[in-house]
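Accompanying notes for the structure given below.
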Amino acid sequence: MAKIIVDDIELDVPPEFTLLQACEAAGAEIPRFCFHERLSIAGNCRMCLVEVKGGPPKPTASCAQNVRDLRPGPNGEPPVILTKSPMVKKAREGVMEFLLINHPLDCPICDQGGECDLQDQAMAYGVDTSRYAENKRAVEDKYIGPLIKTSMTRCIQCTRCVRFTTEVAGVAELGAIGRGEDMEITTYLEAALSSELQGNVADLCPVGALTQRPYAYHARPWELSKTESIDVMDAVGSNIRVDTRGREVMRVLPRLNEDVNEEWISDKTRYIWDGLKTQRLDRPYVRVNGKLKVASWPEAFAAIAAKVKAVPGNRIGGLVGDLASVEEAFALKSLLASLGSSNIDCRQDGAKLDPALGRASYLFNATIAGIEQADALLIIGSNPRLEASVLNARIRKRWLQGNFPIGLIGPHVDLTYPYDYLGAGSDTLTDLVNGGGFAEVLKGAQRPLILIGQGALARADGAAVLAQAARLAVAVGAVKEGWNGFSVLHTAASRVGALDIGAVPGEGGLDAVAMTNPGGVDVLFALGADEIDIAPGAFVVYLGTHGDRGAHRADVILPGAAYTEKSGTYVNTEGRVQVANRAAFPPGEAREDWAVLRALSDVVGHRLPFDSLAQLRAALYAAYPHLARLDHVTPADAAAVNALSSAGGTPASGPFASAVTDFYLTNPIARASAVMAECSALASSRHAAAAE
C-alpha cells in the first residue's frame, strides 16, 4: 500500500490505483467525461485535472497517472494531491469552456437533457460566460443503425463508445477519422452496428451525441416512474430498471450487479418495450365453430371446466413457457396435481435435463462471475453471443486478460474472440473424452470450464450428450474441491426455476413432445408456451400475453400479465434467485397468471390453497426453501455431476444445431416488437451479404 495525502486527508491506497481512484477513495469528487471504470484509459477530456504538489507546475490528468508514479516530498513526506486548489478550479473552468466552444447547447430538445454529464458538470465546474464568439462547427449526423440516434455536433470525442464496442462488445465498428477540430466518430462506411450490446453506448455517452432512437422524443426522465426488476429475454437474469409513464413502459435501462450483468444489458433486453404494447391479449376468447370469439371470464372458465371434468386426470397436461415465473409454474403444477395429472413439462425445446439427476446437472455451476476465475474454456453446442450476450461479454473480458484457451464444438460462429474450432458435433466430444488434443489443455488448467448449451441437449440423444460432457468434466478435473466447472447455459428465463420445482413429468407422465404429438393428451394447459407446435386433437387452454403461436392454436385464450406487469421470481442459469417487480399493469381484462390459475381451480372444483401472492410464496418457500434466498446462489452438490458421468449411453453422430438462430425474435414479446423486427431484417441481410 502507498501512503498519500488528498486535500489534507491521509490514506493508504494500492500503488496501482490511478490518482482519480485515490482521490475518490478519500471522498473527493473528480469530474470526468472520457474515464470509465470498465474501459481502457484514454486521457482525452482533461476534465479530471488535479494538482500534485512537488510535481510539474501544471495540472495533472488524474485518470492517466498512477499513485506509484508520484514522488515523495524532499524529506520523504507522502505525496500531496489537491482537488480544490485555485489552479484546479481555473483548469477545470478552462477545459469546460473549451468543451462548450462548439457544443450546440440544444438542451431543451436533447434527449439526454436531465441525464447529461456535460449539463451537470457545466453547472458544477464551469463558468457562466464564454469568451468565444466564433461560429460553432457542425458535424453531419451518422447512421449507425436502428437503435442509436446520432447528433454528432454534440460529440466531445471522449471515445467511450469506440472503446466499448472494441473492448467489451468485441465488434470494432466505431472509430475516429480526421484530426483536431475535424475529428469525427463514425462507422467509416456509415453501416449499422452489428453488436448485440450496442445500446450500451447511449448509456456511456456523457453528452447527447448518442441517444436511444426508439425512445427519442417520447418522455423526459423526470416524468417517469422507475422500478427495479429482472430481465427475462434470456437466462442470464440481467438486473434492469423499467421506466414507466402511467400504464406504459417507456424504456428499459441496466442496473449495476457485478455478479450478473455488471452494468451492461443486451439490445433485446433494452429495446423490447414496444413489443409490450402491440398484439396484446386483453380479454378472454373461446373458439366456437372453428373461430375465436370474445368471451367473459366466467364463459371461458365454464368452457374449460366442461372439458376438464369430462376427461380423466391422466389425459390432462401442462406446458410451462420460457417467460413464466416460478410462482405461476408452481400454481400450474399444483393445479395439475389436484386434477390427478403428472403430465407437466417446462422443456419446450425437448432438452434432456432432469432435476432427478441433481441440481448440479442443469446449473451453470461455475457462476457467471466465476468465468473470470477460469483458465480454460470448452463450449459445447452453444453460441453464447446469441444465447446470452452479456455472459459472452464476460467470457471476452476473461480472454482479454490472457492465458485463456477456448475450444468450440458446434456451429462455426463469430463469438467476438478467437477460439480453437474442434468439430461440429458429438463425435468430437467423444474423442475429447478419450483424451488428447484440447482435452490435454483442459487437464493442464487449474480451473477448466465446460459450457454446455441447449443446442447439444435439445436432441433425441441429449441425455447421452449431457452424460458425455459430465464424463469429460470429471476426466479433466473440472469438478473438484472449491471448483465446479460443469456449467449448463440455458436460453429460457423460466427453465431453471421450473426445474427447481420439478415441473417435469412425474412417474408415468408425458413430456412436452409426447403431449403435443397426435393422441398425446385431451386437455393441454399452455402457460405462455409459444415455441412448440401442438398437434390437432387436444383442447388447448392458452394463458399468455401475446397473439403468438400458442394463441393461434388455442381453443380458449386467457389473457395474462407480461414480466413488467407482475411480481415474479426468476432463477437464472447459475441458480441465482431474483424477483422481478411490477412496473405497470396488464391491459384490459388481463390478470396475473397465478391469479387466473387460482380462479380457474375454483371453477374446476379443485381449489388451490392460496388466495394471495404472499400465501402462494409461503407455500413455495415451504416446499423449496432455497427459493427464499433472494439474490443468492445456492451451490449445488457436485456429486450429481460425478453420478451423471457414470451414466451410460453414447451420443449419436451428427452436428450440434444452434439453439438460437435469430437473436432478435426468440419470444412472443420480441416477435411483437417493430424495433426487433427491423434489427432482425438487418441481421438477415447482413448474413446474406456475407454468404455471397
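Going through the cross-link list 307/333; 293/352; 226/268; 3/226; 268/352; 293/333, which pairs have a Cα-Cα distance over 30 Å in this structure? Each step should come with its number before you reach the end.
Values: 307/333 19 Å; 293/352 38 Å; 226/268 19 Å; 3/226 42 Å; 268/352 27 Å; 293/333 28 Å.
Where the Cα-Cα span goes over 30 Å, the pairs concerned are 293/352; 3/226.
Please give the residues of the stretch 7-24, grouped as numeric ranges, whose backbone N is less than 13 Å from a label point set 7 Å along the Cα-to-Cβ vector of residue 53.
Answer for the stretch 7-24: 7-11.
Report, ordered by chain and residue number, the aspartates and glutamates lying within cross-link reach of residue 291, taken as a straight Cα distance under 20 Å and ignoring same-chain residues fewer than 8 apart.
Excluding near neighbours in sequence, the set is 282, 299, 522, 530, 533, 548, 555.
Between helix 389-400 and the chain, what is the angle of the helix's C-alpha long axis to the longest principal axis, kept within 0 to 90° and rounded to the nearest 10?
Taking the Cα atoms of the chain, the angle to 389-400 is about 50 degrees.
Tell me, what is the FRET efficiency for residue 443 and residue 188 to the nearest 0.05, using R0 = 45 angstrom and their Cβ-Cβ distance as r? Intermediate values should be presented prior to the final figure.
On the way: r = 44 Å, r/R0 = 0.97.
Efficiency computed from Cβ-Cβ geometry: 0.55.
List the aspartates and glutamates whose alpha-carbon lies under 18 Å from that of residue 480, not counting same-chain residues fewer than 8 positions away?
Within reach: 372, 375, 440, 574, 637.
Starting from the Cα of residue 599, move 7 Å in the Cα-to-Cβ direction to define the label point; list residues of the stretch 294-324 whose amide nitrogen is under 18 Å from there.
Taking a point 7 Å out along Cα→Cβ of residue 599, the residues of the stretch 294-324 whose backbone N falls under 18 Å are 294-306.
So if we plug the beta-carbon distance of residue 12 and residue 373 into 1/(1 + (r/R0)^6) with R0 = 25 Å, what FRET efficiency do we get, rounded to 0.05? Let's see the in-between values first.
Values: r = 27 Å, r/R0 = 1.08.
Computed FRET efficiency for residue 12 and residue 373 comes out at 0.40.
Need the full-extension length gain, residue 653 to residue 460, defined as separation in residues times 0.36 nm minus the C-alpha distance. One decimal, nm. Write down the numbers at each step before the final one.
Values: separation 193, 0.36 × 193 = 69.48 nm, distance 1.15 nm.
68.3 nm is the gain from fully extending residue 653 to residue 460.
Out of all DSSP beta bridges in the chain, what portion is antiparallel? Express it as a percent rounded to 5. Working shown, then result.
Numbers: 46 of 81 bridges.
Around 55 percent of the beta bridges assigned by DSSP in the chain are antiparallel ones.
Report, in deg cm²/dmol and to the nearest 500, the calculated mean residue ellipticity at 222 nm for the chain, where each DSSP H run with n ≥ 4 adds -39500 (n - 2.57) and the sum is divided by the residue count. Present the calculation step by step, with values, prior to reporting the outcome.
Values: 22 runs with 185 residues, N = 692.
For the chain, the value works out to -7500 deg cm²/dmol.
Cross-link partners among lysines for residue 84, C-alpha distance below 18 Å, same-chain residues fewer than 8 apart left out?
In chain and number order, the partners are 53, 58.
Here, each number is a calculation from the coordinates, and none is a lab measurement. Computed from a predicted structure; not experimentally measured. Glycine gets a Cβ as well: all are built from the backbone with ideal geometry, and neighbour counts include every protein chain shown.
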